[in-house]
Structures are given as structure tokens and as C-alpha cells.
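The values are calculated or read from the model by the stated rules, or taken from the named source; none is laboratory data. Because the structure is a prediction, the values reported are computed rather than measured. Quick reminder, even Gly has a Cβ in these numbers, built from the backbone with ideal geometry, and neighbours come from all protein chains shown.
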Amino acid sequence: MKKSLIVIIVCVAVLIIDPESLIINDNEVTEEMKNKYNIVLIGGPELIRPEMPPNFHLGKQIIRNPLTKELCEMKHITIKESTYIYVPDAFVKGKNAIIVAGEGVEGPKNVVEQLVNEIVKT
């Protein structure tokens, strides 16, 4: 009786990623990145403060996140309050985005906590 030798090779790869390396500024995002990755956009498209005097910032709306503004215009999305929005096929088919928009300094943080709680529930 002939004996067979079975060799099992197990490859284990541990990938350690520094979370801060995943965060980049909106002005650093390239077209290639928008086409290749799912994206989380922090900050709404515009800062609109109707309670401020008319000469506030020379009467202009302040663009908070140009990528959010671009995506909202492309997909006809209006953001008027602190919220998160899932956008399928955001900049290209098959790549999605989540917009996290909130008022003030604490707004986006509160919206992220809300989103995390929703994910944990499911």
C-alpha cells in the first residue's frame, strides 16, 4: 500500500492599519479615489446661518465640504439639518458614500454616534 503525503500550507496575514491614515482632507481626494473607494464625507455642503447679519461672510454661503456639495448637486440631495445619508452609486456605479452633516462643532460627532448606534442595533 502506497502512502500519500498531504501538505497543508496555511497563510495568515495580519493587516494593521493606522486609522488616521484613512482620513484625508477633501482637497486631497482625487478622481481616482472617488472611482475606486467607498467614501464617508464629514461635513455638509454649505454652512447656512440665517440668524447671522446680512454682511456675515460678505453675504456668501460658506462651502464646508466641496465633495459633499458636488455629490449633493449630482444626486439632487438637500441637507437642511444634522443627519447622515447613505448614497448608493455615489460618484460612480458600485461605490457608495455616507454623508455625515451636523451643525456646529458637536453636530457631526452626534450624528456619527447616532449612525454607530443604528449599525449596532442591526
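Structure summary
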{"item": "So residue 78, is it free of Cβ contacts under 8 Å to residues at least 24 places away in the same chain, surrounded by fewer than 16 Cβ atoms within 10 Å (Cβ to Cβ), more than 12 Å from residue 44 (Cα to Cα) and among the polar types (S, T, N, Q)", "result": "no"}
{"item": "Selection from region 77-115 of residues that are among the hydrophobic types (A, V, I, L, M, F, W, C) and more than 28 Å from residue 31 (Cα to Cα)", "result": "105"}
{"item": "The listed residue being surrounded by 12 or more Cβ atoms within 10 Å (Cβ to Cβ), modelled with pLDDT under 90 and assigned to a loop (DSSP other than H, G, I, E, B), out of 103, 51", "result": "103"}
